[in-house]
Amino acid sequence: MDKFVPEKFVPLVDLGKITVPTGHRLVTFGKRSYKRFWHYDKALTDQNFPNPTRILKPGDRLWVRAFRQVVPGTTTSEERIDFCRRQEGNVFVGAQGASLVFDQKRDLLPKGLWYGSFDQREHLWKDTSGCYGVPNLVALRGGSFDFDLRCFERPRDDGDAFFSFRDLPG
C-alpha cells in the first residue's frame, strides 16, 4: 500500500504577473535601487550571474508566486528546486527574477521572510569559500528590504520562503 507523503511547501502569496522591461539588468537595477535597501550585497551583479537557466528578455511575462515550508525542521535548496521543477511550466531566473519582484510586487510580500530566487546550482555564483549564492529578497518586519545572498548548501526553515516563476504566453 502506498503511504501518503504530504507536500513540504504550500502557496504563501500569488504575486500575479510581472513583465520584463526594456534594459532590465542587475547593473541598472543596482544603480537605481541600492539606496532603497537596508543591505544590498555587492556580489549581485551581471558578471556574477551572467547565465540564468531562463534568460529574461524585454517583454517576457511571468506569473510569480511565493511558497513557504509547512513541515517542521529544515529543508534543502535541492528540495525546493525539485518542488519547483514538479510545477508545470516553471522556469529558473535567479537574481534577475528577484530584482523584478522588488520593482513590481514588493508591496505584496508578507514581511519577516527571506524569499529565495533559485536557479540550478551550476548557474549560481560561487564565492571564495566555495558557497554557491542563492539570491534572496528579504522583506524585513519593519518594512525595509535587503537584497542578499544565502549559501545554496545551507539548510532552510520556515523563515525562508521562495519564488516560483512561470512563463506566460505573450
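The values are calculated or read from the model by the stated rules, or taken from the named source; none is laboratory data. Keep in mind it's a predicted model, so treat the numbers as computed, not measured. Here Cβ is always computed from backbone atoms with ideal geometry, including for glycine, and neighbour counts include all displayed protein chains.
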From 137, 113, 124, 109, residue being modelled with pLDDT of 95 or more, crowded, with 20+ Cβ neighbours inside 10 Å, over 17 Å from residue 14 (Cβ atoms) and not acidic (Asp, Glu): 124
Consider residue 51 against the criteria (1) touching a helix residue (DSSP H, G or I) at 6+ places or on another chain (Cβ under 9 Å); (2) over 26 Å from residue 144 (Cβ atoms); (3) assigned to a helix (DSSP H, G or I); (4) touching a residue at least 60 places away in the same chain (Cβ under 8 Å): it satisfies all of them except one. Which criterion is unmet? (3)
Of the conditions (1) touching a residue at least 24 places away in the same chain (Cβ under 8 Å); (2) more than 18 Å from the chain's Cα centre (by Cα), residue 35 clears all except one; give me its number. (1)
Can you tell me which of (1) surrounded by 15 or more Cβ atoms within 10 Å (Cβ to Cβ); (2) closer than 15 Å to residue 11 by Cα is the one residue 71 doesn't meet? (1)
Hey, among 117, 129, which residue is closer than 17 Å to residue 18 by Cα and polar (S, T, N, Q)? 117
Exactly one condition in (1) assigned to a helix (DSSP H, G or I); (2) surrounded by 17 or more Cβ atoms within 10 Å (Cβ to Cβ) is false for residue 27; which is it? (2)
For residue 56, the lone unmet condition from (1) more than 17 Å from the chain's Cα centre (by Cα); (2) surrounded by 15 or more Cβ atoms within 10 Å (Cβ to Cβ) is (1)
Can you name the condition, by its number, that residue 27 falls short on among (1) free of Cβ contacts under 8 Å to residues at least 60 places away in the same chain; (2) closer than 27 Å to residue 11 by Cα? (2)
Qualifying residue in the range 76-84 (condition: without any contact (Cβ under 8 Å) to a residue 60 or more places away in the chain and within 13 Å of residue 165 (Cβ to Cβ)): yes
I'd like to verify a number: residues in the range 4-23 that are in contact with a Pro (Cβ under 7 Å, 6 or more places away or on another chain) and part of a loop (DSSP other than H, G, I, E, B), how many? 3
What number goes with the only condition from (1) closer than 22 Å to residue 8 by Cα; (2) out of contact with any Lys or Arg (no Cβ under 6 Å at 6 or more places or on another chain) that residue 161 does not pass? (2)
Scanning the range 140-170 residue by residue, those more than 21 Å from residue 108 (Cβ to Cβ), crowded, with 18+ Cβ neighbours inside 10 Å and out of contact with any Phe, Trp or Tyr (no Cβ under 6 Å at 6 or more places or on another chain) turn out to be 149, 150, 156
